[in-house]
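A.B. asks: Starting off with a structure, shown below.
The values are calculated or read from the model by the stated rules, or taken from the named source; none is laboratory data. Worth saying up front: this structure is predicted, and the values here are computed from it rather than measured. Quick reminder, even Gly has a Cβ in these numbers, built from the backbone with ideal geometry, and neighbours come from all protein chains shown.
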Amino acid sequence: MKRYVKDGKTICILINRQGMIYYSNIDKDITKKWLRDFSILDYLPVEHTFNFNVRNSSITVDKFVLDKTECYLILIQPQEDLYKFAYRDPLTSLYNRNYWEHLMCGILQHPMLRKFALVIIDIDKRQNTCFLPLIFCSAMIL
């Protein structure tokens, strides 16, 4: 599995609605591990193509019909450095403002399995907190 991540190769998986693997360009046991680790089967069934990020990988799921059978093509693209620098703070490894802005405007599409909350903590008590958008007014300020 690490060999594919280091080489930056795209992992292709073709499964049916029940999760049976029809094709994979990697070993079947490793494919099952990827599907389990990324909880991809929890997002199925889907009606449209969607993309989401899990850890440092971009995952695309596309539904199509093959011989009257619903199938899903799953592409896993490791984006170790690109993802790390674009959406994570290098010091804390927390998501940065760029990530939240892309999430809010729909550039990043995450299927919502669970509700999540955003907590903003003003550590240095600077005046920049008074310019926060109105959507953060209900956030708890500690």
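A.B. asks: Suppose we filter THR49, THR60, THR92 for residues that are within 12 Å of the chain's Cα centre (by Cα) and without any contact (Cβ under 8 Å) to a residue 24 or more places away in the chain; which single one remains?
C.D. replies: On the way: THR49 fails: within 12 Å of the chain's Cα centre (by Cα); THR92 fails: within 12 Å of the chain's Cα centre (by Cα).
Result of the check over THR49, THR60, THR92: THR60.
A.B. asks: Here is a follow-up. Is it the case, given these coordinates, that SER58 is surrounded by 17 or more Cβ atoms within 10 Å (Cβ to Cβ) and modelled with pLDDT of 85 or more? Reasoning before the result, please.
C.D. replies: Details: surrounded by 17 or more Cβ atoms within 10 Å (Cβ to Cβ): yes; modelled with pLDDT of 85 or more: no.
When the stated conditions are applied, SER58 does not pass them.
A.B. asks: Also: Does the stretch 12-28 hold any residues that are farther than 14 Å from ILE76 by Cα, hydrophobic (A, V, I, L, M, F, W, C) and not in a strand (DSSP E or B), and which are they?
C.D. replies: Selection gives MET20 alone.
A.B. asks: Filtering the stretch 61-83 down to residues that are polar (S, T, N, Q) and at pLDDT 80 or above, which residue is farthest from LEU14 (Cα to Cα)?
C.D. replies: GLN77
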